[in-house]
Amino acid sequence: MSEQLKFIVEHLNKDPFKKNFNLITFDSLEPMQLLQILNDVLAEIDPKQTIDIREEMPDQTAKRMFTLLGMLKYKPLGNMSEPSSFRQGLVTGSKPVIHPILHWLLQRITELKKRAYLARFLVKLEVPAEFLQDDVITDTYHQYEELVEGFKTYHKECEQLKSSGFSTAEIRKDIGAMEEEKDQLIKRVERLKKRVESVSNHQRMLELARQLRVEKEREESLAQQKQEQKNQLFQAEQRLQRSQQQLKDLRQAAADAKPESLMKRLEEEIKFNSYMVSDKLPKELESKRRMVQYLQKVVSEPAMGQAELGELEDKIREINIEINLLIEKRMMRNDPMDDKLSLFRQQASIITRKKEAKAEELQEAREELAALDRELNQKNSQARDQDGDEVIRGDEFKRFVGKLRSKGTVFKKKRQEITELRAEYGVLQRTEEILKQRHEVAQQQLQSMEAQKGISGYSDTQEELERVSAIKSELDEMKGRSLDDMSEMVKKLNSTIVEKKSALAPIIKELRPLRQQCQELTQEYEEKKAQYDSCAAGLESNRSKLEQEVRALREEMAQEENRYHYINCMKEIIEMQMQRAAEEMKAYVSPDPQERRKTIREQYMKNIAEQESLGKKLREQQKTVRESHGPNMKQVKMWRDLEQLMECKRQCFLRAQSQASIGQVIQEGGEDRLVL
């Protein structure tokens, strides 16, 4: 209690209260003064509580403080836990009530300020139900609830920003830096404008630059749209490939399977899906809903302090202890009927867990199979994009291997021919070099002779004229051939078109009634399909209703069967108990002493008598042990002393023997001599 008073006085003497109390003056305060100090502390937490309690009725003061303390989640301690006694102590200003409140408030004043601030906006007004029937009041109340939810959101964002590490000084510094950059950019733009104004036709150039920027932005947006459309096209192709693969797999399965195997597989899938829908998924959904409700409840409540968390942990610990005690009591009852039922329950729980484990394994296997199918389709698409062909398998791969072997033999032959051609190419290349050298020698001789005769360059000019004339003749020949070919091609095309028209005319005549017939058949098909769909939907709904009724009747039959077996087991157990009770009563009432001795009552009485005699003997032994305890302990001490004395003598004897073995002491004429 003294520690509590020291804490209260120490905090009241600090800012913002500055009361200048000591333990004696604080303990000698009147009830009205204590209430005023409590009101000042509450006013520091909630400024609305700033009031002089002398100007307020005691009941109103107590009600106001009681409401605020309840909003702050204050819990009275000890014998003040009853509301009536706590309220009475608050009205009279009792020290056992006021001092714990002050100690609790001053310990967590910062946290309580935040809670009081939030309570001003989050504590909802209670509107009577008869007023909410008015539309205007209902709309206003809904707007009020929306504003409360908006305040929660904004307050969370504000707290996150406060805790995110951003400081106002850094933000102001960044804003100042950005303003400086803005001023520099404005100055730079003005300088560029002045520089551009000196250029002729600058308005036209600025307009063109603006249009260029707009077109570049448009080009970027179009490129982005093109990329998105490519992605969508790729995804659509993948979906198409998956659908084609599924269709192919289904066709293969339908080609190889029998109706019995298909029905069996469908029944297994229906059982698995019904188990997932009726048992597994509802449980998981219910657990998720409970978790969401719990999280929403936690989010809606105001923030808790360390003291409240400690109280909750203490409550959890106490409840766990009570649960353990109840489990121990249940285990100590040892009811045979409960043991049998617990065995059945244990077996049922084991089977249920195995069933859930297998269902999870099957679900994981299906997901893994789907992932592998997706990966296979992706690899096929990648291979198709790179090579242009699909990945081959099975018989196609065997045929491909055969073709590859035949091509391998052809490749070996071609490679041998290439080596022969390369050798021949080497010989021809060497021959060409020799001929080039000879041609150069002849050309030099010709040039020297032309220089001697005074007609240098004559041979080069003649070769050039011959080359140009040959090219011209080739071009003339090609022009003539191309004109002839074009005229012949036009004639052939005209004749081909006439032949095709004459051949297609009867086919077109036959196609017109067929088109009309196709339209009529399509319309009839659509009508029949609509009738079939409506009939199939009705039959499917009737089938689902019948399946639900059958399932419900089967469940009811299983429950009744379980109840029947349970009642039969209980009946047999009760009959056995009644039979044992009748035999016990018959043996107990029987005049034969031998029969009486066989009764359970006589056996229990005999055991009780034996245990009582055994207890009497044990008490007598205990009495004798207590009486002889003192002398026996003294005797034990004497024996221990004797043991120590004998041990000491043994040590002395051993020491004397060790000294005698070293040498011999001789005394002669008042002298001692040691002889080794």
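Here are a few things to note about the model shown:
- All of (1) within 30 Å of VAL299 (Cα to Cα); (2) open to solvent by less than 80 Å² (accessible area, probe 1.4 Å) hold for THR168 with one exception: (2).
- Any hit, the stretch 73-86, residues being open to solvent by less than 40 Å² (accessible area, probe 1.4 Å), closer than 30 Å to GLU146 by Cα and not in a helix (DSSP H, G or I): yes
- Among the numbered conditions (1) open to solvent by 20 Å² or more (accessible area, probe 1.4 Å); (2) in a helix (DSSP H, G or I), the only one that ILE37 does not meet is (1).
- When ARG405, ARG393 are screened for being at pLDDT below 80 and of a type in the set (Lys, Arg), only ARG393 passes.
- Considering the stretch 105-123, the residues that are open to solvent by less than 70 Å² (accessible area, probe 1.4 Å) and over 37 Å from the mean Cα position of the chain (by Cα) include one that is farthest from LEU35 (Cα to Cα), namely ILE109.
- Long-range neighbours under 8 Å by Cβ, at least six apart or interchain, first residue among the charged types (D, E, K, R) within the stretch 362-376, second open to solvent by less than 90 Å² (accessible area, probe 1.4 Å): ASP373/ARG242; ASP373/GLN245; ARG374/ARG242
- Test: LEU102 is closer than 23 Å to HIS11 by Cα, crowded, with 16+ Cβ neighbours inside 10 Å and free of Cβ contacts under 8 Å to residues at least 60 places away in the same chain: no
- GLU583 being closer than 30 Å to GLU267 by Cβ, out of contact with any Asp or Glu (no Cβ under 8 Å at 6 or more places or on another chain), among the acidic types (Asp, Glu) and part of a helix (DSSP H, G or I): no
- Which numbered condition THR67 fails, given (1) assigned to a loop (DSSP other than H, G, I, E, B); (2) of a type in the set (Val, Ile, Thr); (3) under 46 Å from the mean Cα position of the chain (by Cα): (1)
- Options SER94, SER200, SER163: the member that is hydroxyl-bearing (Ser, Thr, Tyr) and surrounded by 10 or more Cβ atoms within 10 Å (Cβ to Cβ): SER94
- Options MET304, MET291, MET332, MET337; residue that is at pLDDT below 80 and either under 23 Å from the mean Cα position of the chain (by Cα) or outside any helix (DSSP H, G or I) (or both): MET304
- Number of the condition not met by LEU69 [criteria: (1) farther than 30 Å from THR153 by Cβ; (2) surrounded by 12 or more Cβ atoms within 10 Å (Cβ to Cβ)]: (1)
- Residue check, TYR604 open to solvent by 100 Å² or more (accessible area, probe 1.4 Å) and out of contact with any strand residue (DSSP E or B) (no Cβ under 9 Å at 6 or more places or on another chain): yes
- Residue check for ILE24: open to solvent by 80 Å² or more (accessible area, probe 1.4 Å), closer than 22 Å to PHE7 by Cα and assigned to a helix (DSSP H, G or I): yes
Conditions (1) open to solvent by 100 Å² or more (accessible area, probe 1.4 Å); (2) among the polar types (S, T, N, Q), marked per residue:
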{"position": "ARG265", "(1), (2)": "yes, no"}
{"position": "GLU268", "(1), (2)": "yes, no"}
{"position": "LYS280", "(1), (2)": "no, no"}
{"position": "GLU286", "(1), (2)": "no, no"}
{"position": "ARG289", "(1), (2)": "yes, no"}
{"position": "SER300", "(1), (2)": "no, yes"}
{"position": "LEU309", "(1), (2)": "no, no"}
{"position": "GLU313", "(1), (2)": "yes, no"}
{"position": "ASN320", "(1), (2)": "no, yes"}
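- HIS99, sole failed condition from (1) at pLDDT below 80; (2) assigned to a helix (DSSP H, G or I); (3) closer than 24 Å to LEU29 by Cα: (1)
- Residue check, ILE175 over 36 Å from the mean Cα position of the chain (by Cα) and open to solvent by less than 60 Å² (accessible area, probe 1.4 Å): no
The values are calculated or read from the model by the stated rules, or taken from the named source; none is laboratory data. Because the structure is a prediction, the values reported are computed rather than measured. Virtual Cβ from ideal backbone geometry, glycine too; neighbours counted across all protein chains shown. Heads up: the accessible areas ignore ligands, DNA and RNA and are worked out on the full protein's heavy atoms, side chains in. Shrake-Rupley method; radii C 1.70, N 1.55, O 1.52, S 1.80 Å.
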